[in-house]
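Below you'll find the structure, written out as structure tokens, and then a few comments.
The values are calculated or read from the model by the stated rules, or taken from the named source; none is laboratory data. All values reported here derive from a predicted model rather than from experimental measurement. Because the Cβ atoms are built from the backbone with ideal geometry, glycine has one as well, and the counts that use them run over all protein chains shown.
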């Protein structure tokens, strides 16, 4: 077989690049070692009809009109605002920590004072990273920062990443800020919705172009000798591609436990976080995400973070620490020596991308390739 592009990985990055390249007449082969398309966004129906995200909850949100318009060609959307609660001192309260959370946890007098100071210092609507709030000189704001850090942030980070918050890049620690407003949505992006028929249906349409061939349950190295191609796009782990030349890059992994209940609803919101109690970090009720309110039963997903071990589990999150970034830069230098090989995606770029960021990165790479 002869193709113009061999793309390794059928997730958001690989599928976007495959569709775009096929649209300009390029012949593309997409190879994935799993038995399905969609990468970690893959979803499927259980026997009793609930649409489950096999690799944990994926909630789509973006501020990019371009990304939303692009994906809208392959799916209809169901408007959805994700809401999350965190169990703090035995009480389920809104997350991110907002003025609404403040009122749920503190007396009216204390909440009034803290709200007034937050608004005066940052302005209504601000998103304040917790580590920034910890640097405040005002004793009341510092008290609040320490409370949020201890009860919401520290334990969750230790479970999720296996390191203290101060050891991580601000790109992670800034993801769960203190929100100076009463907006209880988990995200504040301009576009928030879920694919009406699920992510797998979206991917199926993306990859339906006649110029795209798909090969699942296959290692790309096994295919390499049998397929002739002009260019390679690799969305797997960049350290794996280079045979761990500079040692393995650390990733965090997850495992999941599903629990069925014969009730219509189990939780008030889509996800409940457990920063301090229990070995799991969060519990997601898929029906909130999928809109399947008509079903008389429900399904919960318990999420347990763990270290990544090659061959035993999946690499989900690059660990954004400076020492890891230094090692990644060594691999990046190796990548720059290769002609006609491109790396992209969470694992290829060693970046903690959201879904929309992965699509944006793929669209940008396509423009570079097409006009390069």
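Here are the numbers for this structure:
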read-out	value
Hits in region 268-294 - residues which are surrounded by fewer than 17 Cβ atoms within 10 Å (Cβ to Cβ) and farther than 23 Å from residue 149 by Cα	268, 291, 292, 293, 294
Unique residue being touching a helix residue (DSSP H, G or I) at 6+ places or on another chain (Cβ under 7 Å) and either exposed (fewer than 15 other Cβ atoms within 10 Å of the Cβ) or assigned by TED's automatic domain parsing to the domain that holds residue 105 (or both) when the list is 154, 224, 137, 167	154
Residues of region 76-110 classified as in contact with a helix residue (DSSP H, G or I) (Cβ under 6 Å, 6 or more places away or on another chain) and either within 25 Å of residue 58 (Cβ to Cβ) or surrounded by fewer than 17 Cβ atoms within 10 Å (Cβ to Cβ) (or both), total	4
Subset of region 268-311 [without any contact (Cβ under 8 Å) to a residue 12 or more places away in the chain and more than 23 Å from residue 186 (Cβ to Cβ)]	294, 311
Odd one out for residue 186 among (1) over 22 Å from the mean Cα position of the chain (by Cα); (2) closer than 30 Å to residue 141 by Cα	(1)
Single match in 73, 54 (criterion: under 21 Å from residue 206 (Cα atoms), outside the structural domain of residue 235 (by TED's automatic domain parsing) and surrounded by fewer than 23 Cβ atoms within 10 Å (Cβ to Cβ))	54
Meets criteria (more than 20 Å from the chain's Cα centre (by Cα), assigned to a helix (DSSP H, G or I), buried (at least 17 other Cβ atoms within 10 Å of the Cβ) and touching a residue at least 60 places away in the same chain (Cβ under 8 Å)) for residue 144	no
Tally, over region 111-126, of residues that are out of contact with any helix residue (DSSP H, G or I) (no Cβ under 6 Å at 6 or more places or on another chain), surrounded by fewer than 19 Cβ atoms within 10 Å (Cβ to Cβ) and at negative phi	9
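Yes/no matrix, rows are residues, columns are (1) touching a helix residue (DSSP H, G or I) at 6+ places or on another chain (Cβ under 7 Å); (2) modelled with pLDDT under 95; (3) in the same structural domain as residue 40 (by TED's automatic domain parsing); (4) more than 25 Å from residue 245 (Cα to Cα):
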residue	(1), (2), (3), (4)
292	no, no, no, yes
298	yes, no, no, yes
304	no, no, no, yes
338	no, no, yes, no
357	no, no, yes, yes
363	yes, no, yes, yes
